[in-house]
1. For the stretch 80-108, give me each residue that is part of a loop (DSSP other than H, G, I, E, B) and touching a His at 6+ places or on another chain (Cβ under 9 Å).
2. Pick from 31, 23, 42: which is more than 15 Å from residue 112 (Cα to Cα) and at pLDDT below 65?
3. Which of (1) without any contact (Cβ under 8 Å) to a residue 40 or more places away in the chain; (2) more than 16 Å from ligand 2 (Cβ to nearest atom); (3) of a type in the set (Lys, Arg) does residue 251 not meet, given it meets every other one?
4. For the stretch 148-160, enumerate the residues that are on the phi > 0 side of the Ramachandran plot and within 15 Å of the chain's Cα centre (by Cα).
5. Looking at the stretch 126-143, is at least one residue open to solvent by less than 40 Å² (accessible area, probe 1.4 Å), free of Cβ contacts under 8 Å to residues at least 60 places away in the same chain and either under 21 Å from residue 52 (Cβ atoms) or assigned by TED's automatic domain parsing to the domain that holds residue 232 (or both)?
6. Report yes if some residue within the stretch 130-151 is in a helix (DSSP H, G or I), within 16 Å of ligand 2 (Cβ to nearest atom) and more than 30 Å from residue 93 (Cβ to Cβ); otherwise report no.
7. Suppose we keep only residues that are open to solvent by 20 Å² or more (accessible area, probe 1.4 Å) and within 16 Å of ligand 2 (Cβ to nearest atom) within the stretch 39-64. Which one would you say is nearest to residue 153 (Cα to Cα)?
8. Looking at 109, 101, 80 in this structure, which one is buried (at least 18 other Cβ atoms within 10 Å of the Cβ) and of a type outside the set (Phe, Trp, Tyr)?
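The values are calculated or read from the model by the stated rules, or taken from the named source; none is laboratory data. In this text, all values refer to a predicted model and were calculated from it rather than measured experimentally. FYI the Cβ positions are ideal-geometry reconstructions off the backbone, even for glycines, and counts take in every protein chain you see. Heavy atoms of the whole protein, side chains included, go into the accessibility calculation; ligands, DNA and RNA do not. Shrake-Rupley method; radii C 1.70, N 1.55, O 1.52, S 1.80 Å.
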Amino acid sequence: DKQMKQIEDKRAKGRIFKKDSSFLKAEENVFDVPTLKLLYSFANKGIISELGGSISTGKEANVFYATGNEGEVAVKIYRINSSTFKAMDPYILKDPRFTHIRHSRKDIIFAWTQKEYQNLLRINKAGIRAPRPVTFDRNILVMEFMGENGIAYPSLKDVKMDDEDARLFYDQIIENMRRMYVRASLVHADLSEYNILIDIENEEAVIIDVGQAVTLNHPNAREFLTRDIENIKRFFKKYGIDEGTKEIAERIKQK
Ligand code: ADP
Ligand code: MN
């Protein structure tokens with residue numbers, strides 16, 4: 001249609017996506033026209049001057065690498081036609097911050113994007129290493145790229161470590177959960193070795209993927225916290241770490 005043609009024309013002129021001009025071709029079936037237009041508006045603002053390769057294709061979102069006037073950024077795009085968006089409902093409709101939103105697919109996804117942005121702000125303010133949010137609009141979140149020279153930090157699950165390193169990261173992660181709980185009043189609710197990156201050089205755990213994180217007054221906050229603790233316990237068990245769930249929960253709630 002006409003909008004698509006305009007976008008294609010811009011692409012042909014090489015306005016953005018210079019490096020990977022096949023981007024739109026590959027993605028035009030994944031992203032709707034408003035999403036592509038929104039990407040171009042980020043480009044016009046200079047937030048994205050070059051969109052690089054895909055970092056990840058998840059159940060609900062695609063993450064891309066980009067550079068722009070904020071430096072290296074990660075661009076997380078929630079797919080409007082995502083088939084699994086219903087799974088978002090319990091995390092957003094019962095979060096007191098978001099009980100008033102409309103229940104349409106689009107509105108839930110837009111609210112989710114906003115929630116991830118707000119959660120990133122709170123988490124950063126709480127002194128936790130996590131991507132700094134740059135901006136968001138509709139279904140696109142732009143945040144600090146956690147990595148160097150276009151290479152993202154590895155996930156905790158892919159990091160080779162000895163028992164001593166494991167103990168260090170374990171304590172950092174529990175401390176991050178404590179800060180998140182006590183200072184930011186949030187429970188991550190999807191914490192696992194997949195949503196923790198490791199900055200090896202600085203020996204630092206980085207918390208990501210916080211769209212589903214809920215405030216402590218969410219009716220399921222306690223249950224989500226227990227699940228997060230169990231995930232972390234399961235991962236670190238092979239490194240000889242075996243602290244009780246209750247003891248961990250007490251540490252996390254310690255002011
Ligand atoms: P999903 O909901 O699809 O799991 P995530 O936020 O976990 O989305 O992102 C998927 C993957 O993309 C992550 O595992 C990580 O490898 C990469 N990623 C996400 N955010 C960033 C970021 N800010 N910097 C670098 N890599 C990122
Ligand atoms: Mn994830």
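1. 93, 94, 95
2. Working: 31 fails: at pLDDT below 65; 42 fails: at pLDDT below 65.
When all the criteria are applied, what remains is 23.
3. That leaves (1) as the condition not met.
4. Within the stretch 148-160, the subset on the phi > 0 side of the Ramachandran plot is 149-150.
Passing the criteria: none in range.
5. Yes, that holds for at least one residue.
6. no
7. 55
8. Every option except 109 fails the conditions.
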